[in-house]
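Any read-out appearing in this document is the output of simple, stated calculations on the displayed coordinates, not a laboratory observation. What you are looking at is a predicted structure, and each value in this text was computed from that prediction instead of being measured. Cβ coordinates were reconstructed from backbone atoms using ideal geometry, including for glycine residues, and neighbour counts include every protein chain displayed.
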Amino acid sequence: MHFPPVSVEHLGHSYGGHLVYSDLSLTFEEGKIYGLLGKNGVGKTTLIRILMGFLKPKCGMCRIFGDPAHAIRPATRARVGLLFERHLAYDFFTISQLEHFMARFYPRWKPERYYGLVEVLDLPPNHKIAHMSEGQRSQAVLGLMLAQDPELLILDDYSMGLDAGYRRLFVDYLRENLRDGKHTVVLTSHVIQDMDRFVDEVVFLRRGGQSHMTSLKSFMETFRCYRLPAHHAAGAADALQEISLGRRPLPGSHLVNMEAHRDFFEFFTFHTAEDVREDLTGLGLDLPHGALETYPMNMEDAFVGYSGRR
């Protein structure tokens, strides 16, 4: 029987009285690259801990290639590569010794991937891991992940410790070596621009366990920002400020988020300007046609617009 790489079924989890998920269901299919997005505290790292079996959810189930994530078989675990909090404990090894040691545990080991990443560091093979900088160590860890040739690769904030050049190098390596329809990648990163160059699907997590999965292409094509100059909102400026601070609900049913600025207000939606204009009539605003101006967004703008600045 064929199972997807990751299946999350009605997941529920909390820490004390803090609800993380109530009924989260997701499926990650073979051959796609998924970006987990969301503000700090929405449960991205918690989900990865559950995926890897480090944490058992309060209810529901997470499966990795059909196995319960908290009871995964050794043969299944060998199909998974994990980068979690930049862990590398073998400081006493040299660059080459580390590769030889790790190769024994992975039948699909591809040493050229490891050396392809660490060679750009311009360090000799006998250079000790203990004497590497944080960025260099990060590069070695990423090389080990790729050399495993995992069917499922999970990367939790892979960009930590990497400067812009190394980050770009790694993303290019991922794209060249894993985008073949046979590998699945699940990643988080605080560098949103990397997602724009790499992922197929984005999964937005929000507080309370709400989620929204869509293709990155569809998200960028359908998610919109409309700006309203402050002079058009004079009659409802106080109400809009309260909404932007989360003290009042969003008006109508078409808005995902709104932000207040000194000279303008921003409205984020998957709908048209006329739909937003209709919602704003509930605040007593009778806006003229054209008052809402379309504002172009890059990936980071769209992420902040969807998730909110606060």
Considering only 289, 48, 198, whose Cα is most displaced toward the positive end of the charge dipole of the chain, charges sitting on Cβ of Lys, Arg (+1) and Asp, Glu (-1)? 48
When the dipole is taken about the Cα centre of the chain, and only Lys, Arg (+1) and Asp, Glu (-1) are charged at their Cβ, what size is it in debye, to the nearest 20? 1080 debye
Got a sec to turn the phi values of the range 14-20 into Karplus ³J(HN,Hα) couplings, 6.51 cos²θ - 1.76 cosθ + 1.60 with θ = phi - 60°, whole Hz, x for Gly and Pro? 8, 10, x, x, 8, 7, 9
Of all beta bridges DSSP finds with both residues in the chain, what is the antiparallel percent, to the nearest 5? 65 percent
Computed from the beta carbon distance with a Förster radius of 30 Å, FRET efficiency for residue 108 and residue 212 to the nearest 0.05 stands at 0.30
Amide H contacts of residue 53 (H built 1.01 Å from N, under 5 Å, at least 5 apart or other chain): none
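Kindly state, to the nearest 0.05, the FRET efficiency for residue 54 paired with residue 97, given R0 = 22 Å and r defined as their beta-carbon distance.
Numbers: r = 28 Å, r/R0 = 1.26.
With R0 = 22 Å, the Cβ-Cβ based efficiency is 0.20.
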Residue 247-residue 264 pseudo-label distance in nm [points 7 Å out on the Cα-to-Cβ vector]: 2.5 nm
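Pairs 58/110; 128/182; 39/110; 32/58; 44/182; 56/217: which are spaced more than 30 Å apart, C-alpha to C-alpha?
Working: 58/110 38 Å; 128/182 34 Å; 39/110 35 Å; 32/58 28 Å; 44/182 24 Å; 56/217 33 Å.
Those over the limit are 58/110; 128/182; 39/110; 56/217.
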How long, wide and thick is the range 171-310, going by the Cα atoms along their three principal axes, in whole angstroms, largest first? 56, 31, 24
Length gained, residue 298-residue 127, 0.36 nm per residue minus C-alpha separation, equals 57.5 nm
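Dipole size in debye (nearest 20) for the range 223-307 around its Cα centre, Lys and Arg Cβ +1, Asp and Glu Cβ -1? Can you show the working numbers first?
Details: 6 positive and 13 negative charges, 25 e Å.
Taking the Cα centre of the range 223-307 as origin, the dipole is about 120 debye.
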Treating the angle as unsigned and between 0 and 90°, give the value, to the nearest 10°, between the Cα long axis of helix 164-178 and the longest Cα principal axis of the chain. 70 degrees
Full-stretch length increase - residue 230, residue 176 - with 0.36 nm per residue and alpha-carbon distance subtracted: 14.7 nm
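Can you show me the helix-derived [θ] at 222 nm for the chain, built from DSSP H runs with n ≥ 4 at -39,500 (n - 2.57) apiece and divided by the number of residues, rounded to the nearest 500. Let's see the in-between values first.
Numbers: 11 runs with 97 residues, N = 310.
Per the formula, -9000 deg cm²/dmol.
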Phi-derived 3J(HN,Hα) across the range 305-310 with the Karplus relation (6.51, -1.76, 1.60, θ = phi - 60°), rounded Hz, x for Gly and Pro, is x, 6, 8, x, 7, 9
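Expected output is a single nm value to one decimal: the length gained when fully extending between residue 14 and residue 115, i.e. 0.36 nm times separation in residues minus the C-alpha distance. What is it? Numbers along the way, then the final one.
Values: separation 101, 0.36 × 101 = 36.36 nm, distance 4.15 nm.
Gain on stretching residue 14 to residue 115: 32.2 nm.
Apply the Kirkwood formula to the range 2-94: the hydrodynamic radius equals the inverse of the mean of 1/r over all pairs of different alpha-carbon atoms; give it in Å with one decimal.
Values: mean 1/r = 0.0692 Å⁻¹.
For the range 2-94, the Kirkwood estimate is 14.5 Å.
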Binned at 10 Å from 0, what are the whole-percent values of the Cα-Cα distance distribution for the chain, short to long? 6, 24, 27, 22, 13, 6, 2, 0
Largest-first principal axis extents of the Cα set of the range 88-219 (Å): 47, 29, 26
Does anyone have the angle between helix 134-147 and the longest principal axis of the chain? Alpha-carbon axes, 0 to 90°, nearest 10? 70 degrees
